[in-house]
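Structure, as structure tokens:
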Amino acid sequence: MSRVLNGVFSSFCFGRFVACRLLVAAGIGLILGAWAQAEVRRLDPFTYTSNEEAAKGWKAQAGTPAARLGRHHAQGVVLSCPFESGSDRYFWDHPVQEDLSGFNGFEVDLSCEHPAAVRAVSVYMKSGKGWYVWTGKLSGSGRQIIPIMKNDFTIEGEPSGWDRIETVRISAWKGEPLDAALILHALDARNNEIVVVQGTLSAPNETERTAARRGVRRMSAWLQAVGIPHDVLTDEQVMEQGVDRVRLLILPYNPKLPKKEMETIRLFTERGGRLLVFYSSDAALAELMHLKLGEYKSAKGIGQWSSFVFEKPEAWHVPVEIFQESWNIRPVYPADSSARIIARWKNVSGEWMPDPALTAGPQGVWMSHILLDDDALAKQRMLLGLVAHYYPEVWARAAWLCLHRAGRIASANSLGESIELILSASRDQVRWQAQVDVLVKQARRLFSRMLDQFEARKFAEVADDYVRLRDKLMDAYALVQTPKSPEFRGVWDHTGVGLYPGDWNKTCRLLAQQGVTAIFPNIAWGGVAHFESRLLPRSATFERYGDQLEQCVKAARRYGLEVHPWIICWNLTGAPEEEVNRFRKEDRLLVTENGKTYPWLNPVHPANQELGRAVIREIVARYDIDGVHLDYIRFPGSNVGLGAYTRGRFERSLGRSVRQWPGDVLRNGAYARAFAEWRAGVITEYVRDVQHTIRDVKPAVRLSAAVYGAYPECSRTIGQDWGEWVKRRYVDFVAPMNYTQHGAEFRRLVSGQTALSGARGRIYPGIGVTSTESQLTADQVIEQIDIARDLNCPGFMLFDLDPTLRDKILPSLSVGIMRRRQEEP
């Protein structure tokens, strides 16, 4: 009966949803003001009435299936991609005659229900004897709007210019061998009124410019995720082109603006433009915004600034609390009564800090640090609220996207599929069935209300209910999961102090209660230790909080957790400067391609190998641990590790001199392959020696390693031939860092890893919950755990122990998929 009711409900809501979508497609300007406000040119109106017209409008090339209409004309043009048995690429051409020189970006509105089949999508713009080319990935399944900035196009051939575009080509590239289809709904050129400014001249050095580039990529991806159209301009482009048509400037990391750019921004604000600033040292910019720049502050301890809380979140349509582990801030304060603090920092224990996190003035909002990767969904929602506060037209598009995405859990492509997935699983979970039924009913009502609100043009409310609906479904989905026992469930702790510095008991108690079985505390780097080492300098963490390994082991034993000290090999981050200088004088550091020393111990040097083994021997002998976990057990890159010492060792191994160094061992050099294999062999022999060291002291202690997921490529590029370690049984298990948001990609990686010789029972996939490469929701984590189980992995690892994992992931895992044995009905 529940399945029938679900189908009736889905059909009823789908009918109303289609009506809303047709209203959108009709271009009602009052409803979709976000589109109407910016200058937009449709490159195809998609008014085809037959398959023949669609095929003529989008001409199939080189064996590509003909374009056709979807089931409803308003759904767009279907571009079939039979990748299961056909070509690796399909492409279609649309003839145009357009001058696009005055536009700064494009948007492709499309759908794809099987994104794993499509490795990438390319958009080509033909001009004369050449093409402008953009290639990117789909964001997931279903309907999505892909923004493309003109700056991101590359050039093939000799195009005549953006003012002479004569063909638009869409190409789909093969991923998984599955049949798929792209459905094109719209293709627009546009001038965006929101601009993200990339710090180039405003950043003082290359390190800061690299940070600025990362910040822009992160910001742009998050804006795209919530449907905010935008462009990216460098500091130079802001000064050269001006921002006359822009309404909102976002500065993700622009420490000190050039005077000319500052003048451009001053004129911009005088005509009503608004700013979102994330960390800056520019006092003049702060003064312009009626703010006062405070002094730079560095954290005195771990977790000093762990989250920020909005004082009136409903006024800004933002989450109440957002997690972010910041190590330094530059606060700003109101300079007069026109400005006010709107969010404040809390520490990891939940105590209020005196420092403002966000301050609003008449010209915009200023945050005292950049936005980091953690708590990504909440930050996306925050950005939507902040942008919409000054540019309310974006609510319409955000609401439209929320309706299209509403109710998607894990791999389900619609609300109906999610509900069926949940109800089907609940039949085996009698204990939770009544609670699940209530949550599903609440989700259905929320979706119906979203439709009412969209029709009533209450777009912000649609976006708010989208979050509530997802929470209901997530709670239901989490409840119906089945735990597995025995199962290894490890958590990496990058800080090495647990969730609550100075209180390992509280951390271990919480982890045990939520189904974790093993903790991997980061207790040593190449040149510093968080434990009482007699070989490495003791860290500031040790001096402040004491021996972290001793405290962790004592607490873990109390709550039944395994302890695997996480050792970062070679990398000298955090090492005292005098220690680094000593290593440099002893010629023990890596050397780059251009002859500069790199802050890593050279893995080739016997003294460095002996130091590493001695530290491990010290740990194993003195502490009651279950395993030793190696990380950074590799070279940092193919172009690092090229000094005279390395050359001498390689030439002795080779039995001859290398005439052109380093050219002969790089890329396509005469000895490139031999050098790559030699480096990988050095690392493999070190792993073998570490195993022998451990066995000599405590044979029961297990050896594991965090390794790159892309094997065997990592053997060639960074000397990490971990497949050989597994084959020779030098390690008890490896944790490949399979950090991806896509379940299909995760399955592909783990399938390849478990198929390696000797890998059975030795692959514990690493899941990137809050990694730089992936920020996962609880349902995505559950999906990846299920995949690991399906591929017979005895356990998994979660990265990383932080407040996001604590408050937004583990609670959902602990009620189902990681439920403890004593909680079983």
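The values are calculated or read from the model by the stated rules, or taken from the named source; none is laboratory data. Keep in mind that this is a model prediction, so the values were computed, not measured. Counting neighbours? That spans all protein chains shown, and the Cβs are built from the backbone with ideal geometry, glycine included. Remember, those area values only see protein heavy atoms, side chains included, never the ligands or the DNA or RNA. Shrake-Rupley method; radii C 1.70, N 1.55, O 1.52, S 1.80 Å.
Suppose each label sits 7 Å from its Cα in the direction of the beta carbon; what would the Arg622-Arg431 distance come out to in nanometres?
Once both label points are built, they end up 4.4 nm from each other.
Can you return the lysines within cross-link range of Lys297? Criterion is Cα-Cα under 29 Å, with same-chain partners fewer than 8 residues away left out.
Lys256, Lys259, Lys260, Lys312, Lys346, Lys379, Lys506, Lys808
Rounded, prolate or oblate: pick one for the stretch 169-218, where a ≥ b ≥ c are the square roots of the eigenvalues of its C-alpha gyration tensor, a/c under 1.5 means rounded, and failing that, prolate if a/b is larger than b/c, else oblate. Spell out each step's value before the answer.
Working: a/c = 4.51, a/b = 1.88, b/c = 2.39.
Oblate is the answer for the stretch 169-218, as a/c is 1.5 or above yet b/c matches or exceeds a/b.
Test of understanding: what is the full-extension gain from Thr135 to Glu166, defined as 0.36 nm times their sequence separation minus their Cα-Cα distance?
Numbers: separation 31, 0.36 × 31 = 11.16 nm, distance 1.92 nm.
This chain segment gains 9.2 nm when fully extended.
For Thr772 and Asn205, what does the FRET efficiency come to when R0 = 22 Å and r is the distance between their Cβ atoms, rounded to the nearest 0.05? Before the final figure, lay out the partial values.
Numbers: r = 21 Å, r/R0 = 0.97.
The computed FRET efficiency comes out at 0.55.
Quickly work out the Ala540-to-Ala66 label distance, labels modelled 7 Å from Cα along the C-beta direction, and quote it in nm with one decimal.
6.9
Can you compute 3J(HN,Hα) from phi for each residue in the stretch 447-460, using the Karplus curve 6.51 cos²θ - 1.76 cosθ + 1.60 with θ = phi - 60°, rounded to whole Hz and x for Gly and Pro?
Ordered by residue, 3J(HN,Hα) equals 5, 4, 5, 4, 5, 4, 5, 5, 4, 8, 6, 9, 6, 4 Hz.
Using only the Cα atoms of the stretch 82-237, build the gyration tensor, take square roots of its eigenvalues as a ≥ b ≥ c, and label the shape rounded, prolate or oblate: rounded if a/c is under 1.5, else prolate if a/b is larger than b/c, else oblate.
Working: a/c = 1.89, a/b = 1.33, b/c = 1.42.
Because a/c hits 1.5 or more and a/b fails to exceed b/c, the stretch 82-237 counts as oblate.
Quick check: at a probe of 1.4 Å, how many percent of the accessible area of the stretch 113-193 sits on carbon and sulfur atoms?
Details: 1500 of 3090 Å².
Exposed carbon and sulfur together represent 48 percent of the surface.
How tilted is helix 415-426 with respect to the longest principal axis of the chain? Cα atoms for both, answer in degrees (0 to 90, nearest 10).
With rounding to tens, the tilt is 40 degrees.
Keeping all protein chains in position, work out how much accessible area Lys256 exposes to a 1.4 Å probe, and write it in Å² to the nearest 10.
110
Please tell me the relative contact order of the chain in percent, rounded to the nearest whole number, where contacts are Cα pairs under 8 Å and at least six residues apart. It would help to have the intermediate numbers written out before the result.
On the way: 1734 pairs, mean separation 71.7, N = 825.
Reported relative contact order: 9 percent.
Taking all protein chains together and a probe of 1.4 Å, list Asp163, Asp802, Asp626 from the most accessible to the least accessible. The partial results should precede the final answer.
Numbers: Asp163 70, Asp802 20, Asp626 45 Å².
Listed by decreasing accessible area, they come as Asp163, Asp626, Asp802.
Taking Cα atoms, how many degrees apart are the long axis of helix 778-790 and the longest axis of the chain, rounded to 10 and kept between 0 and 90?
The angle comes out at about 60 degrees.
How much of the DSSP bridge set in the chain is antiparallel, in percent, rounded to the nearest 5?
Working: 89 of 135 bridges.
Taking every DSSP beta bridge within the chain, about 65 percent pair in antiparallel fashion.
Could you compute the FRET efficiency for Thr597 and Arg760, with r as their C-beta to C-beta distance and R0 at 35 Å, rounded to 0.05? Mind dumping the intermediate values first?
Details: r = 42 Å, r/R0 = 1.20.
In this case the efficiency is close to 0.25.
Leaving ligands and nucleic acids out of the surface, order Arg679, Arg729, Arg218 by accessible area at 1.4 Å, largest first. Walk me through the numbers before you get to the answer.
On the way: Arg679 5, Arg729 145, Arg218 40 Å².
Reading off the accessible areas and sorting them downward yields Arg729, Arg218, Arg679.
Would you be so kind as to identify which of Thr740, Ser139, Val96 lies farthest towards the positive end of the dipole of the chain, taking Lys and Arg as +1 and Asp and Glu as -1 on Cβ and the Cα centre as origin?
It is Thr740.
Please list, in chain and number order, the residues 5+ apart from Arg634 or on another chain whose amide H is under 5 Å from its amide H, with Hs placed from the backbone.
none
Between Asp244 and Asn581, what is the label-to-label distance in nm when each label sits 7 Å out along the Cα-to-Cβ direction?
5.6
Among Trp566, Ala556, His605, whose Cα sits farthest toward the positive end of the charge dipole of the stretch 551-637 (+1 at Cβ of Lys/Arg, -1 at Cβ of Asp/Glu, about the Cα centre)?
Checked the options; the winner is Ala556.
With contacts defined as alpha carbon pairs under 8 Å and 6 or more residues apart, what's the relative contact order of the stretch 382-489 in percent? Don't jump to the answer; show the numbers that get you there.
Values: 104 pairs, mean separation 36.0, N = 108.
Reported as a whole number, the value is 33 percent.
Tally up the carbon and sulfur contribution to the accessible surface of the stretch 428-503 as a whole percent, 1.4 Å probe, everything protein left in place.
Working: 1550 of 3280 Å².
Ligands and nucleic acids excluded, carbon and sulfur reach 47 percent.
Could you work out the pair-distance distribution P(r) of the stretch 466-591 from its alpha-carbon pairs, with 10 angstrom bin width and percents rounded to whole numbers?
It works out to 12, 33, 25, 17, 10, 3, 0, in whole percents.
Accessible area per residue for the chain in Å², computed with a 1.4 Å probe and the full protein assembly in place, what is it? Could you put the intermediate results ahead of the total?
On the way: 33310 Å² over 825 residues.
Counting only protein heavy atoms, the per-residue value for the chain is 40 Å².
If one computes the Cα centroid of the stretch 224-265 and of the stretch 40-102, what distance in Å separates the two points?
A separation of 35 Å, based on Cα centres.
Once you keep just the Cα pairs under 8 angstrom separated by 6 or more residues, what percentage relative contact order results for the stretch 130-225? Before the final figure, lay out the partial values.
Details: 41 pairs, mean separation 22.9, N = 96.
Contact order relative to length: 24 percent.
Please list Arg489, Arg647 in order of solvent-accessible area, largest first, computed with a 1.4 Å probe with all protein chains present. Show your work: numbers first, answer last.
On the way: Arg489 15, Arg647 75 Å².
Descending order: Arg647, Arg489.
Using a 1.4 Å probe, how large is the accessible area of Met239, given in Å² and rounded to the nearest 10?
Taking all protein chains as shown, Met239 has close to 30 Å².
At a 1.4 Å probe, what is the % contribution of carbon and sulfur to the accessible area of the stretch 566-685? Don't skip to the answer; put the middle values down first.
Numbers: 2380 of 5400 Å².
So the carbon and sulfur contribution to the accessible surface is 44 percent.
For Asn792 and Ala335 in one chain, what is 0.36 nm times their gap in residues minus the Cα-Cα distance, to one decimal in nm? Present the calculation step by step, with values, prior to reporting the outcome.
Details: separation 457, 0.36 × 457 = 164.52 nm, distance 6.04 nm.
Working it through step by step, the gained length comes to 158.5 nm.
Counting helices only, and only those DSSP H runs with n ≥ 4, report the 222 nm mean residue ellipticity of the chain as the sum of -39,500 (n - 2.57) divided by its residues, in deg cm²/dmol to the nearest 500.
On the way: 25 runs with 301 residues, N = 825.
Taken over the chain, the calculation gives -11500 deg cm²/dmol.
Note the full-extension length gain between Lys259 and Asp807 as 0.36 nm times their separation in residues minus their Cα-Cα distance, in nm to one decimal. It would help to have the intermediate numbers written out before the result.
Details: separation 548, 0.36 × 548 = 197.28 nm, distance 4.39 nm.
Length gained, Lys259 through Asp807: 192.9 nm.
Charges at C-beta only: +1 for Lys and Arg, -1 for Asp and Glu. How large is the resulting dipole of the chain about its Cα centre, in Debye rounded to 20?
Working: 102 positive and 96 negative charges, 255 e Å.
So the magnitude is around 1220 debye.
Calculate, for Asp696 and Arg214, the FRET efficiency according to 1/(1 + (r/R0)^6) with r their C-beta to C-beta distance and R0 41 Å; round to the nearest 0.05.
Numbers: r = 43 Å, r/R0 = 1.06.
Once the sixth-power term is evaluated, E becomes 0.40.
Just how much of His494 is accessible, in Å², when a 1.4 Å probe is used and the result is rounded to the nearest 10?
80
If you fit an axis through the alpha-carbon atoms of helix 644-654 and take the longest principal axis of the Cα set of the chain, what angle between them do you get, 0 to 90°, nearest 10?
Long axis of 644-654 versus the principal axis of the chain: about 80 degrees.
Let me spell out the model: positive unit charges on the Cβ of Lys and Arg, negative unit charges on the Cβ of Asp and Glu, origin at the Cα centre of the stretch 482-532. What dipole size does that give, in debye rounded to 20?
Working: 4 positive and 4 negative charges, 44 e Å.
The calculated dipole for the stretch 482-532 is roughly 220 debye.
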